[in-house]
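The values are calculated or read from the model by the stated rules, or taken from the named source; none is laboratory data. Quantities reported herein were computed from a predicted structural model and do not represent experimental measurements. Don't worry about glycine lacking a Cβ; one is built from the backbone with ideal geometry, like all the others, and counts go over all protein chains shown.
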């Protein structure tokens, strides 16, 4: 019951809906969460976490993301997507428009899940409250135009960016454009090609996807440190343990001799202090 499922979310349901569908396939009481939300209109990779794997949520949410999006040119949307108030302006981003990369500042859309004074920005916006979402720094590693059809008023882009980047804002900032399609193709080392469709709401067929163990899910995300049996036992009880002094400083996944996860620990000066345990 402890692991990560790669799900290819369809357009329509929310990320919470997908999590709820997976939860219904599991024994009662098993915790289920996700590693980063997708808007209802968006499709693509959603990491669904089950059991003790919900404890690694923050490590997965911090991973970089990759997207492909189709933009409608010459129009604006109050939400940056097809669900907002649409306005035709006729002002189309230039063919040679600069597609920003590197460290940039962006203002997330008012219709976002960011909290403003304890309330979600989208809830305030829907209530008619004027929302001023603070700017943030994000990193865009790739922003390429894949194709453009001026007759249809459409263009497609591939974007690779840091966690917390709003693709809707990147497209809106090009000029007058908004996202009509948005697909997440990767989260860190995980690709949508390896994902499965979520269980259907009314489907009685068993849902039996491949489930990545905690150790597999964190491979390539955190360095791992193999422990002997006694050291693993002590670390599993929350005790600070000695590790190879050459182990890089920072967070690491500690494994027992069988390769099973013991905990995530803070490593410094040849010792590891357990922070997130998987044994209880």
Only one of 50, 69, 79, 54 is over 13 Å from the mean Cα position of the chain (by Cα) and at pLDDT below 95, namely 79
Per the filter on the range 2-21, residues surrounded by fewer than 18 Cβ atoms within 10 Å (Cβ to Cβ) and either modelled with pLDDT of 95 or more or on the phi < 0 side of the Ramachandran plot (or both) are 10, 11, 13, 14, 16, 17, 20
So which residues in the range 1-30 are in contact with a helix residue (DSSP H, G or I) (Cβ under 7 Å, 6 or more places away or on another chain) and either free of Cβ contacts under 8 Å to residues at least 12 places away in the same chain or over 14 Å from residue 211 (Cβ atoms) (or both), if there are any at all? 8, 9
Of these, 175, 164, which one is in the same structural domain as residue 141 (by TED's automatic domain parsing), farther than 21 Å from residue 8 by Cβ, surrounded by fewer than 17 Cβ atoms within 10 Å (Cβ to Cβ) and over 17 Å from the mean Cα position of the chain (by Cα)? 175
Is there a residue being closer than 24 Å to residue 90 by Cβ, at pLDDT 70 or above and surrounded by 11 or more Cβ atoms within 10 Å (Cβ to Cβ) anywhere in the range 109-116? yes
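Results for (1) closer than 30 Å to residue 265 by Cα; (2) in the same structural domain as residue 148 (by TED's automatic domain parsing); (3) not in a helix (DSSP H, G or I), shown as yes or no for each residue.
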| site | (1), (2), (3) |
| --- | --- |
| 12 | no, no, yes |
| 33 | yes, no, yes |
| 39 | no, no, yes |
| 46 | yes, no, yes |
| 58 | yes, no, no |
| 92 | no, yes, yes |
Any chance the range 200-209 includes a residue that's outside the structural domain of residue 139 (by TED's automatic domain parsing), in a loop (DSSP other than H, G, I, E, B), at pLDDT below 95 and surrounded by 21 or more Cβ atoms within 10 Å (Cβ to Cβ)? no
Please go through the range 211-250 and pick out each residue that is without any contact (Cβ under 8 Å) to a residue 40 or more places away in the chain, part of a strand (DSSP E or B) and under 16 Å from residue 56 (Cβ atoms). 219, 224, 250
Odd one out for residue 134, checked against (1) closer than 30 Å to residue 275 by Cβ; (2) at pLDDT below 95; (3) outside any loop (DSSP other than H, G, I, E, B): (3)
Enumeration of residues in the range 230-280 that are within 24 Å of the chain's Cα centre (by Cα), surrounded by fewer than 14 Cβ atoms within 10 Å (Cβ to Cβ) and farther than 21 Å from residue 3 by Cβ: 250
